[in-house]
Amino acid sequence: MDNPIADGGGRQLSGELANYFRGRKGVTITALVSPVALLLLFSYVVPVAILAGVSFLSQDARGAITPDFTLGNFVRFFSDPWFLFTLGRSIRIAFFVTLMAITLGYVAAYYLVFKQPRLFEFYLILVVAPVLVGNVVRAFGWQMLMGDSGLVNTFLWKLGLGEHTLRFMYTETGIIIADASTLLPLVILILMGVLTRIDPAYIEAAKALGASGRRAFMNVTLPLSLSGVGAASVICFTLALGTFEIAVLIGGKRVQMIAPLVYEQITYAFNWTMGAAVAMVLLVVSVVGIVIHDIAFRSKK
Amino acid sequence: MRDVVSIRLEDIVKRFGDVKAVNHVALTFDPGKLYVLLGPSGCGKTTTLRMISGLEELTSGSIYIGGEDVTNVPVHERDLGFVFQQYALFPHMSVENNVAFGLRMRRYPSTEIDTRVKASLGLVQLSGLERRRIRQLSGGQQQRVALARALVTEPRALLLDEPLSNLDKNLRDDMRGQIRDIQKRLGITTIMVTHDQTEALSMADEIVVMNNGLVEQVGTPEDIYRRPSSLFTAHFVGAANIIEGIANGNGSMVDSAGVNYRLPADRKSLSGKVAMMIRPSDIQILDKDLVTDGLDGTVLSSMYFGATRKVIVRLEGGRDLSIDTNERETRGIADGDIVKLYYETDSSHVIRIPDDHG
Ligand SMILES: Nc1ncnc2c1ncn2[C@@H]1O[C@H](COP(=O)(O)OP(=O)(O)OP(=O)(O)O)[C@@H](O)[C@H]1O
Ligand SMILES: [Mg+2]
């Protein structure tokens, strides 16, 4: 127990000592962290700050940014049905991408970690290999496979099942499938880490106490992996919300998503301030996802 | 009331690749007794216990519990209590829910679960900690939760894998008593793994000494300590002075230095290669002027342990014997002292060494 009276006499001296050491420790840590901090500052904090600043400015008739503070861009965003619809669609797509990638990723990760297949290394290479292919190449791949005249539809047509049977290009479903496949390797790797960290003894203990494999999974493995699944979901959702190449190449003009919208505002409409405002909205939605995850899992820690 | 069952291992084998972890073990565990599997690291104790529990599949052989062949019965249907070395308490559940887990899996009604969990926590003296998280418990408390969790379903037998190895010494001594106490009170067939000989000697009804995937000897603690059947057991359980020699069939043996030793009464007729074991605590150090009988020697070194003193004496002929004495009896002993050693012939034990040995 602390005794405030007995402590009183030595407090000043120990306080000074503490400051001395704290100061020293601070210096060392600062020295170690500063390169990373600087990098983050100039590659991330500064651009975001500029973007945030610009989003509250407006442009004059000739397109030059004027230093007048305004909420106009945000008012326009939230009163324009098209912007709102696009945001809603992006959130919906990101939600389903997350659902799909996490579900499939969990099954794959569970299989790799707990069933210890004999070809483990081979499967791992299969998981990681797609990461080496860029998103643009991947989207073209999907196009060739699933496009209206792609392999699958041609095959179905040859079988006499009609023309353009599967609608993939320029559909939300197409984006969701392509995007989930893009994020799947990442999700599998994250979830493998999560599942590997679960001591197999917990599962054995559950079985020794009378739980069948299914009940051991439901009562022990799943709950123990849940916070990791939450973290993977947030990462997946955030990345899916920012989907760009796949949205452009598979969604095209027909299925507009929010990240290409930012790009179009800036590049085609030369509306810098509006583009910045849309980007800020995107950022806020992502942060909300992180905060929700944090609240959901903090109470359990 | 729970059944009190026997467990029988019929020639069980477990191979991991090229490693024969358990190599043709046959054992019967009688109902209601506490057995300790004792042996050095890697000798197959855990593997044996896991095969009994069903957590590990057998390479060959069969296991019977209460007369029923359970070799192909999965873990969750064997109805055994298992306490893991690291306890494996579920970190996402309270103490209460950990203990209730086995009952929930057996779909007990919730009122019965409540009473049983209470009784079980009472048994291990943890009443009042129901709502704690596992992380908020000390090592000893976690150990007892693990025990309560394993016992609450009234399993047919209790299996413990080094249950005390993560506790500090005082707590370990205390828990030894508690586990033994509970085991006796419930009269449950229990198999415990340890590599700590003191633990084995103090807790077991019977000790199974294992080495290299094989059973070396099965017997009461006294059997194992006093009458080891092999040099391995003699060395592994307790400290031992081992003197190898040739027995001549007329009640004595001669060691390589030509010194004669009398054989204990029950081994007088032995002949051939033998090893004599004398426990360090069975040898007395006497003043050379007081006795004429006994072995002559010189004190080489001594080490003080408080209640006891360990003395190394070099015999004429160059053999060193280690002796544990009451510290009072050897007060003032100094290196270089000339002494007489005395032990009762019948406190020694002779092990026959097979001819193909070495
Ligand atoms: N899952 C496994 N895969 C491969 N080898 C194993 C496995 N489990 C145990 N072994 C090997 O089997 C042998 C016996 O192991 P076991 O765990 O039964 O020993 P132990 O007597 O319990 O030892 P300790 O006192 O160190 O716990 C060892 O050589 C060990 O390396
Ligand atoms: Mg072990």
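The set of residues in segment B:271-289 that are over 17 Å from B:V339 (Cα atoms) and surrounded by fewer than 19 Cβ atoms within 10 Å (Cβ to Cβ) comprises B:S271, B:G272, B:K273. A single entry from A:P223, A:P260 fulfils the requirement of being assigned by TED's automatic domain parsing to the domain that holds A:F140 and crowded, with 18+ Cβ neighbours inside 10 Å: A:P260.
For B:D11, the test of being surrounded by fewer than 17 Cβ atoms within 10 Å (Cβ to Cβ), within 14 Å of ligand 1 (Cβ to nearest atom) and either within 20 Å of B:H195 (Cβ to Cβ) or among the acidic types (D, E) (or both) is failed. For the criterion of being under 30 Å from A:T171 (Cβ atoms), at pLDDT below 95, assigned to a helix (DSSP H, G or I) and within 14 Å of another protein chain (Cβ to nearest Cβ), A:G230 passes. Across segment B:52-89, the qualifying residues are those that are over 20 Å from B:I12 (Cβ atoms) and touching an Asp or Glu at 6+ places or on another chain (Cβ under 9 Å), and the one among them that is nearest to ligand 2 (Cβ to nearest atom) is B:Q85.
Go through segment B:173-194 and count every residue that is within 16 Å of ligand 1 (Cβ to nearest atom) and over 18 Å from B:G32 (Cα atoms). Number satisfying all stated conditions: 1. Please go through segment A:180-224 and give me each residue that is of a type in the set (K, R) and either at the interface with another protein chain (Cβ under 10 Å from one of its Cβ atoms) or assigned to a helix (DSSP H, G or I) (or both), ordered by number. Answer for segment A:180-224, where residues must be of a type in the set (K, R) and either at the interface with another protein chain (Cβ under 10 Å from one of its Cβ atoms) or assigned to a helix (DSSP H, G or I) (or both): A:K207, A:R214, A:R215. The set of residues from segment B:150-163 being within 17 Å of the chain's Cα centre (by Cα) and surrounded by fewer than 24 Cβ atoms within 10 Å (Cβ to Cβ) comprises B:L158, B:D161, B:E162. Considering only residues in segment B:40-82 that are of a type in the set (G, A, S) and within 12 Å of chain A (Cβ to nearest Cβ), the one that is farthest from ligand 1 (Cβ to nearest atom) turns out to be B:G81.
Of the numbered criteria (1) in the same structural domain as A:E204 (by TED's automatic domain parsing); (2) over 30 Å from A:L195 (Cα atoms); (3) in contact (Cβ under 8 Å) with a residue 40 or more places away in the chain, the one A:F78 fails is (3). The requirement of being aliphatic (A, V, I, L, M), surrounded by 12 or more Cβ atoms within 10 Å (Cβ to Cβ) and touching an Asp or Glu at 6+ places or on another chain (Cβ under 7 Å) is satisfied by B:V299. Of everything in segment B:305-346 that is exposed (fewer than 11 other Cβ atoms within 10 Å of the Cβ) and within 35 Å of the chain's Cα centre (by Cα), the residue that is nearest to B:M276 (Cα to Cα) is B:G318.
Within the option set B:V237, B:V209, B:V259, being among the β-branched types (V, I, T), at pLDDT 90 or above and more than 16 Å from ligand 2 (Cβ to nearest atom) holds for one residue only, B:V237. Look at (1) more than 16 Å from ligand 2 (Cβ to nearest atom); (2) away from chain A (no Cβ under 13 Å) and you find that B:A148 fails only one, number (2).
The values are calculated or read from the model by the stated rules, or taken from the named source; none is laboratory data. A quick note: this is a predicted structure, and the numbers were derived from the prediction, not measured. No Cβ is skipped: glycine too gets one built from the backbone with ideal geometry, and neighbour counts run over all protein chains shown.
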